[in-house]
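The values are calculated or read from the model by the stated rules, or taken from the named source; none is laboratory data. Quantities reported herein were computed from a predicted structural model and do not represent experimental measurements. Here the Cβ is made from the backbone with ideal geometry for all residues, glycine too, and neighbour counts use every protein chain on show. Protein only, heavy atoms only, side chains kept; ligands, DNA and RNA dropped before computing areas. Shrake-Rupley method; radii C 1.70, N 1.55, O 1.52, S 1.80 Å.
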Amino acid sequence: MLRVRVDQDPWKDNRVRQALKQLPQPREDPGAGLARPGRDRRRQPRRARTAEYNNIGPYPFDTEKSKALLTEAGVTMPVKVELNVASDWPESMAYAQALKEDAAKGEFEITLKPMPATQYWEGWTEFNMGITWWSHRPLAPMLLSQAYVGDADGKPVPWNESYWVDEEFSALVKEAESALDLAKRKEIVGKLQTIQKGAAPSAPRSS
């Protein structure tokens with residue numbers, strides 16, 4: 001799962017994050033022969049693996065829109081960033097290489113920083129940009145509550161590696177956790193997916 005630190009440059013500006021989403025993004029597990037267009041799920045329930053998944057679709061690939069967003073954000077192009085990736089995860093390395101090549105079309109210059117998985121896990125929440133393996137959970141709220149909410153003080157929970165916190169999102173996750181009715185939970189998760197797609201936190205927070 002690709003993620004960026006929204007409390008650090010250049011990702012503090014949502015326009016930069018949105019610019020990356022407009023590009024021909026890497027396919028899921030390209031090294032495993034499971035290539036398909038990226039859908040900006042970001043730890044949302046994946047495909048039909050959870051009953052709550054809603055197919056809201058990805059952004060259309062638009063290189064010119066990406067460049068326009070970067071221009072609007074006033075950042076220097078190409079945007080130079082470093083992507084940390086575990087070298088002994090072949091799928092992650094293939095994912096990283098695909099992203100590097102595709103992102104170059106939209107004025108992102110990504111330098112890959114391979115490292116052993118043991119080293120990656122030592123600092124996985126601290127990297128400006130990283131690719132992390134997350135094991136599957138049977139219910140969507142179980143994963144979202146670990147990866148994308150804030151604590152009682154509004155700070156990212158320990159495994160929130162993107163440091164992305166949105167008050168409405170956090171409240172909806174709690175609501176989804178207590179929803180026993182599947183249809184109701186699916187409706188709430190649909191709202192969560194829409195918020196994530198927009199990816200503009202009420203205020204980026206750091207620990």
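With respect to being surrounded by fewer than 22 Cβ atoms within 10 Å (Cβ to Cβ) and touching a helix residue (DSSP H, G or I) at 6+ places or on another chain (Cβ under 8 Å), A94 fits the description. Taking (1) buried (at least 20 other Cβ atoms within 10 Å of the Cβ); (2) more than 15 Å from the chain's Cα centre (by Cα); (3) at pLDDT 95 or above in turn, R5 satisfies each apart from (2).
Of the residues making up region 176-207, just one is part of a loop (DSSP other than H, G, I, E, B), surrounded by 12 or more Cβ atoms within 10 Å (Cβ to Cβ) and at pLDDT 90 or above, namely A179. Within region 121-161, the set of residues being within 18 Å of N14 (Cα to Cα), among the polar types (S, T, N, Q) and surrounded by 19 or more Cβ atoms within 10 Å (Cβ to Cβ) comprises just one member, N160. Applying a threshold of 6 Å to beta carbon distances and a minimum spacing of six or more residues, or different chains, the list of pairs starting in region 162-175 at a residue that is in contact (Cβ under 8 Å) with a residue 40 or more places away in the chain and open to solvent by less than 80 Å² (accessible area, probe 1.4 Å) and ending at one that is assigned to a loop (DSSP other than H, G, I, E, B) and among the β-branched types (V, I, T) reads S162/V6; Y163/V6; W164/V6.
None of T118, T111 is open to solvent by 40 Å² or more (accessible area, probe 1.4 Å), among the polar types (S, T, N, Q), in a strand (DSSP E or B) and out of contact with any Pro (no Cβ under 6 Å at 6 or more places or on another chain) except T111. Restricting attention to region 1-24, the residues that are in contact with a strand residue (DSSP E or B) (Cβ under 6 Å, 6 or more places away or on another chain) and within 15 Å of V75 (Cβ to Cβ) add up to 3.
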